[in-house]
Amino acid sequence: MAGSRSAGRAAVRSVRPWKRRPEPELEPEPEPEPRLLCTSPLSHGAGSDSGLSDSEESVFSGLEDSGSDSSEDEDEGDEKGKEGAGSDKGPGAMEKATEEQAQADPARPRTEMASVPTADEYAEDSSDEEDIRNTVGNVPLEWYDDFPHVGYDLDGRCIYKPLRTQDELDQFLDKMDNPDYWRTVQDPTTGRDLRLTDEQVVLVRRLQSGQFGDAGFDPYEPAVDFFSGDVMIHPVTNRPADKRSFIPSLVEKEKVSRMVHAIKMGWIQPRRPRDPTPSFYDLWAQEDPNAVLGRHKMHVPAPKLALPGHAESYNPPPEYLLGEEERAVWEQQEPSERKLNFLPRKFPSLRAVPAYGRFIQERFERCLDLYLCPRQRKMRVNVDPEDLIPKLPRPRDLQPFPTCQALVYRGHSDLVRCLSVSPGGQWLASGSDDGSLRLWEVATARCVRTVPVGGVVRSVAWNPNPTVCLVAVAVEDSVLLLNPALGDRLVAGGTDQLLSAFFPPEEPASQPARWLEASEEERRVGLRLRICHGTPATQVTWHGRGDYLAVVLATQGHTQVLIHQLSRRRSQSPFRRSHGQVQRVAFHPSRPFLLVASQRSIRLYHLLRQELTKKLMPNCKWVSSLAVHPAGDNVICGSYDSKLVWFDLDLSTKPYRVLRHHKKALRAVAFHPRYPLFASGSDDGTVIVCHGMVYNDLLQNPLLVPVKVLKGHTLTRDLGVLDVVFHPTQPWVFSSGADGTIRLFS
């Protein structure tokens, strides 16, 4: 018996599958329970055939002998030999032996466990755990960012990341074509795309809506009280109390000993009861010279009350009493201007003096004096105010600049809104509210030609190309292109040939503006082309090369700014949306930039890249005018709140300098194309000329010095100077005003 039991236990130990075997080609091992039962017929043949022995019952129940039996120790050597011989035969031999034993003892009942097939117990795993392909455990997946794999499987092989060759366009096409794109997620452990099933989608939607994951769970089902208020005969649990509940805790003993030691050493103080009475103290109580504040050299003593005078007596002398006129003057004065804050009165005795009406007010003011009075004297920094003023050069060292009025151009009957000088500086064009465009000779102030345009001229701009003789005029909803035919006749003739050489395309494209040829009658006065927009035009400006011109329209939406090309007669709207009411536009002198000034900001757009480059914040209300430095790195703008703002594009989007020299709204600003000068015109009737030197050294800031205030225009209908423009070659400045005159300052 002992030998059989030892052999059975040895066989169980040798073939028990404690660990899953990863090799799928090996034959599945039989389950351990049938083997334990197969050793039992040996004992039944030698002894009784009813039931199991004690050792067999222990083996069946999962308990094994501890090896203390002496009979088993005696037969241990023989059984080891048998066990070795049996183990050499393999699992097939043991199964054959089992069948033979079953045939040899037909009377023995066949147990249910013997019929179980000997297959791998892990072949069909009925556990609810997920199929874990990546066996790296609870490791951050960021550790595998620099490796081609994302983890390891059960066999220890690398799980490589799938190739992600899709770009944004492929992802967008996949999103449009794949109907299951919305339910496809990426597994972070394997990097593969997984398609959610309908049950998983329903579970995700329930969790997103704040519901329970299980659809059959009722969170509002009636609660069943396990413990009731009725006295029961039997206890809920009859478990005896632990031993530690009767033994004092050593941890608590150590804590108490530490607290006792801290109390003895004075580290822990008992809590003192708080005094419920509020504590008041006197700010000026330490008036003793031996006190800390008294010994301080900068200590300021508390202000003392002024001693009462004769006027505050209940029986003052007659000269302190006020008469009727003095009383009336005292009542009309402001409280801060009165010499006495009360009226002296005379009483026959002290008992007749009534209560003082301003007692509470004076006590409150006295408390304010004590509370707000400084209690320490601070040394003021001794700085000479002259040192705070920046050292600016003298204006006479910054010449040349215009200093006096030289000529006055008279002829318009209404206010003159706009000016423009020819590229050579010989001719001047002006537009007025009288519905006419006048061309002047600069040197003599003689009006050479008057062109009636039939409306208010909002803006006029001379083509900056010296080989083209054209003037753009903004009148109502149209932009007129005039050939004034002044100066060189070859230039005027070449301009007409350039305009007549255009052939319209066979299929004209849709444009935001219409290009119309001038009639014969209009050509006699110099009109060549008419660009109709449908909405009023407020400004027109040319590009530096003379082929493009920008127009600002008084409308809402993205069509406030239009760009026209003269050679191809094309019009386009460069913007898709509006960023506010556009006030002014300007082309960059050397780079493909367009500056658009709205009421509260100035935006710099790159025309080739078609993107916003910078956004300048002038921090003023309603930008009225705009000008770009000839070098292109600095911009000035005027506003209706009488500010002139200078921007350095290389420095910041915030203003470099804000000048507040004018008293009223600014209407126009301008840079000189050659000299370091800029000017501004305002409704106060003055033109301020400033020296603005921009250095080639990027580390040196621009030098801004106001040099001259030019006066001459008279205010008309609260309007002063409406436009300012410099002569292209000379240090002269032209100004047009609401008084209908144009003035030249040289």
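Gly216 passes every criterion in (1) closer than 30 Å to Thr184 by Cβ; (2) open to solvent by 80 Å² or more (accessible area, probe 1.4 Å) apart from (2).
Evaluate the following for Leu612: is it over 23 Å from Arg667 (Cα atoms), touching a strand residue (DSSP E or B) at 6+ places or on another chain (Cβ under 9 Å) and modelled with pLDDT under 95? Full working, then the answer.
Working: over 23 Å from Arg667 (Cα atoms): yes; touching a strand residue (DSSP E or B) at 6+ places or on another chain (Cβ under 9 Å): yes; modelled with pLDDT under 95: yes.
Yes: the conditions hold for Leu612.
Whether a residue is at pLDDT 90 or above, open to solvent by 100 Å² or more (accessible area, probe 1.4 Å), within 30 Å of Thr716 (Cβ to Cβ) and touching a Ser or Thr at 6+ places or on another chain (Cβ under 9 Å) was assessed, and Arg438 does not pass this test.
Results for (1) at pLDDT below 90; (2) part of a helix (DSSP H, G or I); (3) hydrophobic (A, V, I, L, M, F, W, C), shown as yes or no for each residue.
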residue	(1), (2), (3)
Val251	no, yes, yes
Val260	no, yes, yes
Ile268	no, no, yes
Arg271	yes, no, no
Asp275	yes, no, no
Pro278	yes, no, no
Asn290	yes, no, no
Leu305	yes, no, yes
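Counting only strands (runs of 3 or more DSSP E) that fall entirely inside segment 501-595 and contain at least 2 residues that are open to solvent by 50 Å² or more (accessible area, probe 1.4 Å) and more than 17 Å from Glu476 (Cβ to Cβ), the qualifying elements are 570-572.
Results for (1) in a loop (DSSP other than H, G, I, E, B); (2) of a type outside the set (A, V, I, L, M, F, W, C); (3) within 23 Å of Leu677 (Cβ to Cβ), shown as yes or no for each residue.
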residue	(1), (2), (3)
Pro400	yes, yes, yes
Thr444	yes, yes, no
Val473	no, no, no
Leu480	no, no, no
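Within segment 354-394, restricting attention to residues that are open to solvent by 90 Å² or more (accessible area, probe 1.4 Å) and among the acidic types (Asp, Glu), the residue that is farthest from Asn701 (Cα to Cα) is Glu386. Hey, any hits in segment 181-197 for a residue that's out of contact with any helix residue (DSSP H, G or I) (no Cβ under 7 Å at 6 or more places or on another chain), farther than 25 Å from Leu141 by Cβ and of a type in the set (Lys, Arg)? Checking segment 181-197: not a single residue is out of contact with any helix residue (DSSP H, G or I) (no Cβ under 7 Å at 6 or more places or on another chain), farther than 25 Å from Leu141 by Cβ and of a type in the set (Lys, Arg).
Of all residues in segment 241-266, those being open to solvent by less than 100 Å² (accessible area, probe 1.4 Å) and of a type outside the set (Gly, Ala, Ser) number 7.
For beta carbons closer than 6 Å, sequence separation of 6+ or different chains, a first residue in segment 726-740 that is assigned to a strand (DSSP E or B) and of a type in the set (Lys, Arg) and a second that is open to solvent by 30 Å² or more (accessible area, probe 1.4 Å) and modelled with pLDDT of 95 or more, there are no qualifying pairs.
Within segment 713-722, being on the phi < 0 side of the Ramachandran plot and either outside any strand (DSSP E or B) or open to solvent by less than 30 Å² (accessible area, probe 1.4 Å) (or both) holds for His713, Thr714, Leu715, Gly720, Val721, Leu722. Close contacts from segment 433-451, counting a first residue that is under 12 Å from Pro484 (Cβ atoms) and a second that is of a type in the set (Asp, Glu) and assigned to a strand (DSSP E or B), with Cβ to Cβ under 6 Å and a gap of 6+ residues or different chains, come to Val448/Glu441.
Here are Ala679, Ala665: which of them is in contact with a strand residue (DSSP E or B) (Cβ under 8 Å, 6 or more places away or on another chain) and surrounded by 22 or more Cβ atoms within 10 Å (Cβ to Cβ)? Step through it out loud before you land on a result.
Details: Ala665 fails: surrounded by 22 or more Cβ atoms within 10 Å (Cβ to Cβ).
That would be Ala679, the only listed residue that is in contact with a strand residue (DSSP E or B) (Cβ under 8 Å, 6 or more places away or on another chain) and surrounded by 22 or more Cβ atoms within 10 Å (Cβ to Cβ).
Residues in segment 426-447 that are aliphatic (A, V, I, L, M) and under 51 Å from the mean Cα position of the chain (by Cα): Leu428, Ala429, Leu437. Counting only strands (runs of 3 or more DSSP E) that sit completely within segment 640-693, those holding 1 or more residues that are more than 23 Å from Leu744 (Cα to Cα) and touching a residue at least 24 places away in the same chain (Cβ under 8 Å) correspond to 644-648, 657-659.
The single condition among (1) surrounded by fewer than 16 Cβ atoms within 10 Å (Cβ to Cβ); (2) touching a residue at least 60 places away in the same chain (Cβ under 8 Å); (3) on the phi < 0 side of the Ramachandran plot that Gly487 does not meet is (3). Scan segment 606-632 for residues that are under 18 Å from Gly544 (Cβ atoms), open to solvent by less than 60 Å² (accessible area, probe 1.4 Å) and over 27 Å from the mean Cα position of the chain (by Cα) and jot them down. Within segment 606-632, Leu626, Ala627, Val628, His629, Pro630, Ala631, Gly632 meet the criteria.
So which of Val733, Val694, Val709, Val705 is of a type outside the set (S, T, N, Q), surrounded by 24 or more Cβ atoms within 10 Å (Cβ to Cβ) and touching a strand residue (DSSP E or B) at 6+ places or on another chain (Cβ under 7 Å)?
On the way: Val694 fails: surrounded by 24 or more Cβ atoms within 10 Å (Cβ to Cβ); Val709 fails: surrounded by 24 or more Cβ atoms within 10 Å (Cβ to Cβ); Val705 fails: surrounded by 24 or more Cβ atoms within 10 Å (Cβ to Cβ).
Answer to the check: Val733.
When you scan segment 392-409, how many residues do you find that are more than 47 Å from the chain's Cα centre (by Cα) and more than 13 Å from Phe734 (Cα to Cα)? Walk me through how you get there before you give the answer.
Filtering segment 392-409 down to residues more than 47 Å from the chain's Cα centre (by Cα) leaves 396-397, 399-400, 402-409.
Now drop any that are not more than 13 Å from Phe734 (Cα to Cα), which leaves 396-397, 399-400.
Of the residues in segment 392-409, 4 are more than 47 Å from the chain's Cα centre (by Cα) and more than 13 Å from Phe734 (Cα to Cα).
The values are calculated or read from the model by the stated rules, or taken from the named source; none is laboratory data. The model shown is predicted, which means the values in this text are computed figures rather than measured ones. Methodologically, a virtual Cβ is constructed for each residue, glycine included, from the backbone with ideal geometry; neighbour enumeration extends over all protein chains shown. Remember, those area values only see protein heavy atoms, side chains included, never the ligands or the DNA or RNA. Shrake-Rupley method; radii C 1.70, N 1.55, O 1.52, S 1.80 Å.
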